[in-house]
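Below is one structure, written out as structure tokens, with a few remarks after it.
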Amino acid sequence: MTNPSIETASRGPAEHAVRDQIIAAAHECFARYGYGKTTVSDLAREIGFSKAYIYRFFESKQAIGEAICTERLDRLIVEARTAIDLGGSATEKFRRMFKALTNLSLQLFFDDRKIYEIAALSAAEQWGSAQIYKATLKAMLLEIVKDGRESGEFERKTPLDETCRAIFYAMMPFIDPLHLERNLDLLPDAQVEVCGLILRSLAP
């Protein structure tokens with residue numbers, strides 16, 4: 001049996017345009033009715049396609065949700081990368097990255113709540129989009145900590161992997177869609193204070 005993802009990747013521009021059309025319609029349906037209440041049949045009616053035709057491009061509703069979730073999480077990654085690339089000390093890079101991720105996660109929560117719920121579901125069920133997002137953030141964090149250690153800005157005694165894991169755990173309440181909603185009343189003060197605590201713990 002042909003792998004749907006491989007088959008999709010091999011299609012030409014016209015097929016990719018149809019795929020984008022399906023994603024756009026799904027975004028509108030999910031934003032209006034919610035991911036859980038929307039079926040592939042609903043999407044088919046919205047676009048004017050048959051359900052079977054949609055399944056030519058996506059093997060399931062989750063695959064469509066993954067595409068939307070990946071697009072949104074990629075935006076967070078781009079902004080985090082931009083914050084880091086502004087330069088300066090490792091301390092400033094971390095401070096900017098953490099703040100950017102928190103602010104953009106809040107923006108998604110308040111401005112596009114239904115899509116935020118897909119991101120939370122992705123995190124809860126460990127979809128590929130959530131795993132890639134976390135892995136990318138961990139790599140960025142590792143980069144910053146290494147930079148700080150090489151410059152003498154951060155301590156070197158604690159094992160690098162342990163340090164990065166602990167920092168990531170501390171960041172989760174403010175950047176993970178699964179947890180952010182429970183901590184809204186703590187913002188912005190808690191994020192600033194946790195950031196300060198992390199940076200103090202990194203001091204040599």
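Computed values, structure above
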{"quantity": "Test result for ARG75, surrounded by fewer than 19 Cβ atoms within 10 Å (Cβ to Cβ) and either within 30 Å of GLY152 (Cα to Cα) or acidic (Asp, Glu) (or both)", "calculated": "no"}
{"quantity": "Subset of the stretch 121-134 that is open to solvent by less than 20 Å² (accessible area, probe 1.4 Å) and not polar (S, T, N, Q) - its residue that is farthest from GLU150 (Cα to Cα)", "calculated": "TRP127"}
{"quantity": "Qualifying residue in the stretch 184-192 (condition: in contact (Cβ under 8 Å) with a residue 12 or more places away in the chain, closer than 18 Å to ALA67 by Cβ and in the same structural domain as LYS93 (by the TED database))", "calculated": "no"}
{"quantity": "Of the criteria (1) within 15 Å of ARG96 (Cα to Cα); (2) among the charged types (D, E, K, R); (3) surrounded by 14 or more Cβ atoms within 10 Å (Cβ to Cβ), which one ASP176 fails", "calculated": "(1)"}
{"quantity": "Residues within the stretch 25-49 that are closer than 14 Å to ILE68 by Cβ, hydrophobic (A, V, I, L, M, F, W, C) and in a loop (DSSP other than H, G, I, E, B), tallied", "calculated": "0"}
{"quantity": "Pairs, first in the same structural domain as GLY65 (by the TED database) and outside any loop (DSSP other than H, G, I, E, B) in the stretch 101-123, second of a type in the set (S, T, N, Q) and modelled with pLDDT of 85 or more, C-beta under 6 Å, six or more apart", "calculated": "THR102/GLN191; SER122/SER129"}
{"quantity": "Meets criteria (of a type in the set (Gly, Ala, Ser), within 22 Å of CYS195 (Cβ to Cβ) and open to solvent by less than 10 Å² (accessible area, probe 1.4 Å)) for SER105", "calculated": "yes"}
{"quantity": "Whichever residue in the stretch 78-98 is outside any helix (DSSP H, G or I) and exposed (fewer than 13 other Cβ atoms within 10 Å of the Cβ) and, among such residues, is farthest from the chain's Cα centre (by Cα)", "calculated": "GLY88"}
{"quantity": "Yes/no for LEU197 being part of a helix (DSSP H, G or I), free of Cβ contacts under 8 Å to residues at least 40 places away in the same chain and under 21 Å from CYS69 (Cα atoms)", "calculated": "no"}
{"quantity": "Failed condition for PHE58, given (1) surrounded by fewer than 21 Cβ atoms within 10 Å (Cβ to Cβ); (2) part of a loop (DSSP other than H, G, I, E, B)", "calculated": "(1)"}
{"quantity": "Conditions (1) open to solvent by less than 40 Å² (accessible area, probe 1.4 Å); (2) touching a Lys or Arg at 6+ places or on another chain (Cβ under 8 Å); number of the one not met by ASP147", "calculated": "(1)"}
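The values are calculated or read from the model by the stated rules, or taken from the named source; none is laboratory data. Predicted, not measured: the structure shown is a model, and the values here were computed from it. Quick reminder, even Gly has a Cβ in these numbers, built from the backbone with ideal geometry, and neighbours come from all protein chains shown. Quick note on the areas: whole protein, heavy atoms, side chains included, nothing else; ligands and nucleic acids left out. Shrake-Rupley method; radii C 1.70, N 1.55, O 1.52, S 1.80 Å.
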